[in-house]
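Data first, discussion second: the structure below is written as structure tokens.
The values are calculated or read from the model by the stated rules, or taken from the named source; none is laboratory data. The model shown is predicted, which means the values in this text are computed figures rather than measured ones. Cβ atoms come from the backbone with ideal geometry, glycine included; neighbour counts cover every protein chain shown. With ligands, DNA and RNA removed, areas are computed over all heavy atoms of the protein, side chains included. Shrake-Rupley method; radii C 1.70, N 1.55, O 1.52, S 1.80 Å.
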Amino acid sequence: GLGRERVTTVHLGVTLSTRRDLATERNHLLALTTSVDWLDDGAHAWSLDEPEQALAVVEALGKLGDTIVSEWPKGKPLRVRAVAAPQVQIQVKSQGDWLEIDGELALDGGEVLRLRQLLDLVQTGKQRYVALGDGGFLALTDTLRQQLADLRAITQAHGKAQRVATMAAMAWTAQQAGQAEAPLLAGDKAWQQRCEAWARAQDHIFTLPAGLAADLRDYQASGWTWLMRLAAGGFGAVLADDMGLGKTLQTLALLLARASGGPALVVAPTSVCGNWLAEAARFAPGLQVEMYGDTAALGEPDLEPDDDTVDNEAPQDSARRAARRKQVLALGPGQVLVCSYGLLQLDGDLLTARTWHTAVLDEAQAIKNAGTRRARAAQALAADFKLALTGTPVENRLAELWAIMAFANPGLLGSAEQFNQRFATPIEREGDAQASRRLRRLVAPFLLRRTKAEVLDDLPARTEIVHEVVPGTKERALLEALRQQAEDSVNQALAAGAAGGGSGAGEGQAQMHILAALTRLRRAACDPRLVAPELGLVGAKVQEFERLAQELVAGRHKALVFSQFTDFLALLRERLDAAGLRYQYLDGSTPMAQRTQRVNAFQGGEGDFFLISLKAGGFGLNLTMADYVIIADPWWNPAAEDQASGRAHRIGQQRPVTVYRLVTQGSIEDRIVKLHHQKRALAEGVLAGQDGSGAGAVMDAAQMLALLRGEAVDAEPDALA
């Protein structure tokens, strides 16, 4: 498009001349720069140093046909062949709970790539161009690259084909339904029937049961419909709505709608079992709800979600077992059995002896540790529809999501080893945004999460305040002395582990030593008497708590007070007693009947404060009488704090809620608060559609030691949560 219009040359003694069509040349140049928009149309020569750039230009030149001629200095021309999703053909063959899949991609030159070859070429799906090995390249569309990378993440080699769990294949297929282009999928009769059932369920219009004594909000009705469609399609669900949005009500509507199909089982923490009976009587009076084994009469102790022990009603006599077995087998349509996690673990063989029409796990984070007896008992339950309810499907690490989904939809996320390799490690350790998005797409059809900010315009505001407590000179000196002692002790443990060859066992012992040291420092930050009672040193935090408590009462406020340490709660009780302030109290040793009485008393106006231990009351309680929440000691896991504050900030709350975190200045609590945002990023990156890296969610011994020393840390101790 530049230069002289008339060009003359001499060739073999003959003078030749031609007239250039400069306008056409400029059109050809424009066609090239339009096809590759980052090429500068003011230039006429480019040097492409990046392989992806070079391949993009070669691909564009191929599409321009004969308008631009490509010359190659030597060897074969570089070929880039564009491939779209419909060119890939996939065949599905049912094999029980598994599917055998195979397929091919036919290229224009007659070559055929099998599906396994194509998946191997795609690998992580980060590059658009994949090398064929003969100097040629495939140019995959963004959609196809994503589809193949997602498929590769859920399949495994099986003979000459690939194998995938039916649940995972359905999730992958559901994703393609919203795409403009998708691979051509052909399956056997069983697969076609499954797909048709899924399609019918998605289009079905369900009517709320007449026996529901409540008006559902729009988002609750939408959530109920989502549950009903998954149940009709033969899949499980994880309802992960934020705390206080009515997961129990949506579930009761589901149980009513499915009542005629057979009995249902609801498993919940002991402290919540009574609430299920009360809520069912209020909102679903048509259901016949009973407590498994009459745990209230038996006085079963509370079993905290992270505790894998069971306080057996020892000795278990055969008569009691026989009565429970009879209770389970006698259940029929319209009946709901409510069972604690402790009894599920204890009587797993009785509860798995039959198939339930619906099985519900409330506060499903109770099975987040997949290797525990509790989690294994839950996963052994047989049900036509499984539902997990949790406001915190990811508290500390992604393995918790795997454990919950292994109950709701077994096989969806592969084995624990496959999940760690394909998702957890890339996301947590490497901050792989591609893997995070892939996991989000995989679980999206079966996991529903709505936050208060998204769906409740009428919920009053929540204010969060980090309230620093300044320790006195003696207390500050004690905290620093304890920190130095802990650091010296940990250094000795690490040295001993190194001397032992740096084995995995040595690393584990060092980590446990550091965790114990960190916990001791946390307790010291609450009050010196918790670690050095002989000093008789009263901490600044309990004194500040008393001052704050008197101020709240003067302002006619009521507050929930949470701590992870029951002996610290005892010190706070002493201050309230000394000040003559009224309160209720709840911890893991409180019998279930008394729990209900104390909750009702507080809601009825008896007491200005409700002191609650983390695991006994961090979930399942509705305490909207309080408009203040005091986190007396910050916890490693911010999700647990959110659960606690959610007891007051929920549907039914009419006043703004203020959350105070009492933090001892200069202590380990300062560093805990600074780490909170990382755990939130990990959960939100997978659940909320964000691309937070999630890197640094797990800490090794060296990183824990940095936290102990007060140095910058890029990770956090999930094991402490």
Worksheet item: What residue, among those in the stretch 408-421 that are in a loop (DSSP other than H, G, I, E, B) and open to solvent by 40 Å² or more (accessible area, probe 1.4 Å), is farthest from L389 (Cα to Cα)?
Response: S415
Worksheet item: For the stretch 15-50, how many residues are open to solvent by 60 Å² or more (accessible area, probe 1.4 Å), under 20 Å from D66 (Cα atoms) and of a type in the set (G, A, S)?
Response: 2
Discussion item. Suppose we keep only residues that are over 30 Å from T173 (Cβ atoms) and outside any loop (DSSP other than H, G, I, E, B) within the stretch 233-259. Which one would you say is nearest to the chain's Cα centre (by Cα)?
Written reply: T248
Fill in: Near pairs, Cβ below 6 angstrom, 6+ apart or cross-chain, from the stretch 212-230 (in contact (Cβ under 8 Å) with a residue 60 or more places away in the chain and over 17 Å from Q202 (Cα atoms)) to any residue that is among the small types (G, A, S) and surrounded by 15 or more Cβ atoms within 10 Å (Cβ to Cβ)
L212/A253
Worksheet entry | Checking Q175 against (1) under 27 Å from A424 (Cβ atoms); (2) more than 22 Å from the chain's Cα centre (by Cα), the condition it does not meet | (2)
Worksheet, complete the sentence: When L614 is run through (1) modelled with pLDDT under 75; (2) open to solvent by 10 Å² or more (accessible area, probe 1.4 Å); (3) within 26 Å of the chain's Cα centre (by Cα), the failure sits at (1)
Worksheet item: So which pairs qualify, if the first residue must be in the stretch 436-456 and touching a residue at least 40 places away in the same chain (Cβ under 8 Å), the second must be aromatic (F, W, Y) and open to solvent by 30 Å² or more (accessible area, probe 1.4 Å), the Cβ gap must be under 6 Å, and the two must be at least 6 apart or on different chains?
Response: L448/W226
Worksheet entry | Flag if A424 is out of contact with any Lys or Arg (no Cβ under 9 Å at 6 or more places or on another chain), assigned to a helix (DSSP H, G or I) and either open to solvent by less than 20 Å² (accessible area, probe 1.4 Å) or modelled with pLDDT under 90 (or both) | no
Worksheet, complete the sentence: Within the stretch 534-547, the count of residues that are part of a helix (DSSP H, G or I) and among the β-branched types (V, I, T) comes to 1
Worksheet item: Pairs under 6 Å by beta carbon, first residue modelled with pLDDT under 90 in the stretch 269-287, partner open to solvent by 60 Å² or more (accessible area, probe 1.4 Å), six or more apart or different chains?
Response: G274/T596
Discussion item. With the requirement that a residue be touching a residue at least 40 places away in the same chain (Cβ under 8 Å) and closer than 17 Å to G1 by Cβ, what does the stretch 28-81 give you?
Written reply: H28, H44, I68
Worksheet item: Looking at the stretch 78-107, which of the residues that are assigned to a loop (DSSP other than H, G, I, E, B) and within 21 Å of L121 (Cβ to Cβ) is farthest from the chain's Cα centre (by Cα)?
Response: L78
Worksheet item: Residues in the stretch 548-590 that are under 18 Å from A524 (Cα atoms) and not in a helix (DSSP H, G or I): how many?
Response: 4
Practice prompt. Give the residue, chosen from A210, A201, A157, A165, that is farther than 24 Å from R282 by Cβ, open to solvent by 60 Å² or more (accessible area, probe 1.4 Å) and aliphatic (A, V, I, L, M).
Written response: A157
Item to complete: Scan (1) at pLDDT 90 or above; (2) open to solvent by 20 Å² or more (accessible area, probe 1.4 Å) for the single condition R321 breaks and write down its number.
Response: (1)
Item to complete: Quickly run through the stretch 54-72 and pick out the residues that are of a type outside the set (F, W, Y) and open to solvent by 70 Å² or more (accessible area, probe 1.4 Å).
Response: K63, D66, V69, E71
